[in-house]
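Written out below as structure tokens is the structure these notes cover.
The values are calculated or read from the model by the stated rules, or taken from the named source; none is laboratory data. Computed from a predicted model, the values in this text were never measured in an experiment. Positions of Cβ are generated from backbone atoms using ideal geometry, with glycine treated the same way; all protein chains shown enter the neighbour counts.
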Amino acid sequence: MPEPNQAAEVKLQEEFNRWAQEGKGEEMEDSHLPIVPPTLELMNLQPDDRVLDLGCGSGWLVRQLTGILSNGSVTGIDVSDEMIRHAQAATANLPNSQFLRGTAEELPAPANSFTKVISVESAYYRHDPARGLGEILRVLVPAGSAWVLVNYYRDNPDCHQWGAHYKTPAHLLSAAEWQGLFANAGFRNLQHRRIPDLSPTPEVYTGRWFRDAAQMRRFKAEGALLVVGVKP
């Protein structure tokens, strides 16, 4: 019988493999894109940065970053082998990029590999977020920075209903709790802020994630939570 952590990883891998097969990896680019450019601007990426996109899905952000990192590199890591397969197929001719299958709790990379790590809308799915942050610290170079962006967090009440729809457990943490995990992992120069979603909201909402368009509008105005830490 697998250990609890192994079972959680298998369940997460299976769920995101299903997402990949249903084409949801590509859908994530549209839903996450509004909160990413402001984050990239704050990251002040340099052409020679070595960036890890943790929870890369089908590789849409990696493809964007290759145009910025002309003298650097970008690596995408995801728990889903199907997502990685889709990402590799879509990114075959782009230089300075690679994709690896792996978990946040055991990153397939040597210590001091990256100058920056970004994680968009995946951190709350990890079965052990504290261990995942410890791994991020390990693979960063000294003075390297971690940028974790999540839409599902306790301080925004208009996302709390999402938990009922998730097929795998998700951590609903506050900004203070995320910052505490960063501190306990060994990060310094901690900060957090909101990244509002400024994209248009439909007049009528009929999906399952929000009660109505008004709730969706409130959620987007509150914005995603961005937590940042620097490796000493």
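Quick notes on this structure:
- Sole residue being more than 26 Å from PRO232 (Cβ to Cβ) and of a type in the set (A, V, I, L, M, F, W, C), chosen from ALA213, ALA109: ALA213
- Of all the listed residues (LEU100, LEU94), the sole one being surrounded by fewer than 17 Cβ atoms within 10 Å (Cβ to Cβ) and either under 17 Å from the mean Cα position of the chain (by Cα) or modelled with pLDDT of 95 or more (or both) is LEU100.
- Any hit, region 86-105, residues being free of Cβ contacts under 8 Å to residues at least 12 places away in the same chain, at positive phi and in a loop (DSSP other than H, G, I, E, B): no
- Matching option when the condition is of a type in the set (Gly, Ala, Ser), modelled with pLDDT under 95 and within 22 Å of ALA104 (Cα to Cα), among GLY163, GLY180: GLY163
- If you go through region 16-64 and keep only what is acidic (Asp, Glu), surrounded by fewer than 19 Cβ atoms within 10 Å (Cβ to Cβ) and modelled with pLDDT of 95 or more, you end up with GLU41, ASP48.
- Of the helices (runs of 4 or more DSSP H) lying entirely inside region 120-232, the ones with 1 or more residues being basic (Lys, Arg), buried (at least 19 other Cβ atoms within 10 Å of the Cβ) and out of contact with any Leu (no Cβ under 7 Å at 6 or more places or on another chain) are found at 213-222.
- Unmet criterion (only one of (1) of a type outside the set (Lys, Arg); (2) out of contact with any strand residue (DSSP E or B) (no Cβ under 6 Å at 6 or more places or on another chain); (3) touching a residue at least 40 places away in the same chain (Cβ under 8 Å)) for ALA221: (3)
- Scanning region 129-152 for residues that are within 17 Å of TYR166 (Cβ to Cβ) and out of contact with any strand residue (DSSP E or B) (no Cβ under 6 Å at 6 or more places or on another chain) returns PRO129, TYR152.
- Checklist (1) more than 15 Å from the chain's Cα centre (by Cα); (2) in a strand (DSSP E or B) applied to LEU52, failing item: (1)
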